[in-house]
Amino acid sequence: MQTSPSVQSSHRANLASPVGMHAQSESLLELEVPGLAASIRQACLGEADLVPYRVRQALNQALDRASTQRLVKTIMSMPYSAQTYTRHLLYADPAGMFTVVALRWDPTQGSPVHAHYTWCAYRVLRGVLSESHFEYDRSIERAYLFNRVKRAAGQSVCGHGGMDFIHRLHNVSDQTAVSIHVYGMDAARISSHVNRIMAVSLRAETPSPVQEK
């Protein structure tokens, strides 16, 4: 199964992307959720340790029911891959402080196990995702599974870059899921400098049952 995302372009992205997006004066995010990009930018100007939490808060405050429905409707109408999850660029900060993308996850599609090179925050907009958590064992330079939780629409998560936040997202339901993600990285490097793919240990720790959060 493919786990690398299919990267699709938004024809209303405000900056050109590595896959040749057309520049426009207003981004898809600004059109569907006015004010969210500005709120994220303001969150990025705060104390560094608090940035992912402030960005998560900005997502939660801006994405009410109506704006979420508009955004999901738009994402569901865009091109997607039947083989792997699809990433759509929603907003690229002109100063390169952050990038906002939407991910479409059809049933059985999932990410590889990964850490991040930068801070991140995400919110589930539609459906349910399973999030698996891993801990890094420096003695063998591998990560091992220790927990799984369900992330339903409306729930959000954030974390710092580094080895303390290693996870995998996977759609184990029979319905398409959509999520919005913000990364502290410029759009030109979003495909290569966000996820740090991890080798996984087969050690026999038994994760806790999938929990509702």
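The values are calculated or read from the model by the stated rules, or taken from the named source; none is laboratory data. Since we're looking at a predicted model, the values are computed, not measured. Areas reflect the complete protein model, heavy atoms only, side chains present, ligands, DNA and RNA absent. Shrake-Rupley method; radii C 1.70, N 1.55, O 1.52, S 1.80 Å.
With no solvent and one equal point scatterer per Cα, compute the Debye intensity ratio I(q)/I(0) for the range 41-126 at 0.13, 0.21, 0.24, 0.25 Å⁻¹ and report its log10, rounded to two decimals.
Result of the Debye calculation: -0.50, -1.21, -1.38, -1.41.
When the gyration tensor of the range 66-213 is built from Cα positions, what are the square roots of 5 times its three eigenvalues, in whole Å, from largest to smallest? Walk me through the numbers before you get to the answer.
Values: eigenvalues 125, 77, 33 Å².
Square roots of five times the eigenvalues give 25, 20, 13 Å.
Counting only protein heavy atoms, what percent of the accessible surface of the range 114-155 is carbon or sulfur at a 1.4 Å probe?
Working: 750 of 1800 Å².
That fraction is 42 percent.
Taking only the alpha-carbon positions of the range 53-94 and ignoring solvent, what does the Debye formula give for the base-10 log of I(q)/I(0) at q = 0.24, 0.31, 0.32, 0.34 Å⁻¹?
-1.00, -1.06, -1.07, -1.09
Kirkwood hydrodynamic radius (Cα pairs, Å) of the range 28-68? Provide the component values of the computation, followed by the final result.
Numbers: mean 1/r = 0.0963 Å⁻¹.
Kirkwood hydrodynamic radius for the range 28-68: 10.4 Å.
Just the accessible area per residue of the range 109-154, please: how many Å² with a 1.4 Å probe?
39 Å²
Please list log₁₀ I(q)/I(0) at q = 0.12, 0.15, 0.16, 0.21 Å⁻¹ for the range 96-166, using the Debye equation with identical point scatterers on the alpha-carbon positions.
Values, matching the q order: -0.37, -0.58, -0.65, -1.07.
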